[in-house]
Amino acid sequence: MKSDFYKKFDGTPAIVIGVVAVAALAYGAYYTYNSMEAEKARLLTELSAAQDWNYELLIDVRERGEIIESFQGQIENIGSTVGTLQKLANTDEELLMKYSKIYFLNENYIPARLAEIDKLYLNKAATNIQIHSDVWPYLERLIEDAHASGIELLVASAYRSFDTQSSLKSTYTVTYGSGANRFSADQGYSEHQLGTAVDFTTEKLGSNFSAFGSDSAYKWLQENAHRYGFILSYPPNNSYYKYEPWHWRYVGVSLATHLHDDGKYFYDLDQREIDKYLVKLFD
C-alpha cells in the first residue's frame, strides 16, 4: 500500500515532483542560512558590547591606576617630609649658628657627643683634643688625604668648653689688654665650644700660627677643605677677628662647597640661608 503522501502525487509528472522537492530543500537551506545569519548578528552584537565594556573597563583601570600612583607619590612626599623633619629634630641647630660676636652660646652648652682625636693627628703641644663625634670622620679623612698629598697637617686645638674659653680669654687679656679682642672670642662666642672648629698647624710650625697663612698646608686647605665640610671662619679683612688662616669650622660638605664655589664666606650669608643647610649637615 502507498502512503497518503505518495497517493497525493499519483499520476503527477515526475518533473513536478522534482521541482517540489528542490523547492523544499531550497526553503530549508534558506531558513537555515537566515537562522545562522541571525545568530551571527547576535554574536557580533554581543562581541561589540563586550569590546565596549572592556574598553570602558580599561579606561577605568587606567584612571584608578593614575589615582593610585598619585596617592603613592603623595605618600612618598609625606614620608620624605616626615623623614626630613625627623632629621632636623635630631640635628643640633646650634651647629650652624653665627656666633662670633653675634649669637651667644650659654655656659651649659656641651656637644651631644665628643670623640678624642687620634694622637697621630695631634701637634705635640696640642690642647683640647676632642671634636664633635659626627665631625670626627670628616676631620680624619681630611688629615689623612692631606698627609697622602705630602701635607703634614696637625690639630693644635679643637673643642673648648665655656670655662676653658673663659680662662684662655682672661690669660690673653692680661697679656694683651683690650687687643685680645681682635684674636680671641669671649666665652659663649667661640666656635670652639660647638666642638666643630679646629685650629690647624704643622710639625714645623708648631705654635707659630702667624706663619700658617704662608705655608703650603694653608693653600691645600683653601683648595680642598670644602670637600670635607670645613670652611675658613675668619678670612682677611673680616669684621670679627683678625685674619686666622689656621681656624677652620665644620659646616657640612653641601654648605662648604656652596661657599667655596661662590667665593663667599660663612659670615657673608644671612642666618636664614645658612639654616637651609642644617638638614644636610652630616650627609
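The values are calculated or read from the model by the stated rules, or taken from the named source; none is laboratory data. These numbers come from a predicted model, not from an experiment. When we count neighbours, we look across all protein chains shown, and the Cβ atoms used for this are built from the backbone with ideal geometry, even at glycine.
Listing for the model above:
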quantity	calculated
Filter result (of a type in the set (A, V, I, L, M), touching a strand residue (DSSP E or B) at 6+ places or on another chain (Cβ under 7 Å) and in a loop (DSSP other than H, G, I, E, B)) within the stretch 111-163	Ile117, Ile129, Val135, Ala158
Looking only at the stretch 70-109, and only at residues there that are surrounded by 14 or more Cβ atoms within 10 Å (Cβ to Cβ) and of a type in the set (A, V, I, L, M, F, W, C), the one that is modelled with the lowest pLDDT	Leu105
Filter result for Val253 (buried (at least 19 other Cβ atoms within 10 Å of the Cβ) and either outside the structural domain of Val198 (by TED's automatic domain parsing) or farther than 16 Å from Ala197 by Cβ (or both))	yes
Residues of the stretch 123-145 satisfying the condition of being closer than 21 Å to Arg227 by Cα, touching a residue at least 12 places away in the same chain (Cβ under 8 Å) and of a type outside the set (Asp, Glu)	Ile131, His132, Ser133, Val135, Trp136, Tyr138, Leu139, Arg141, Leu142, Ile143
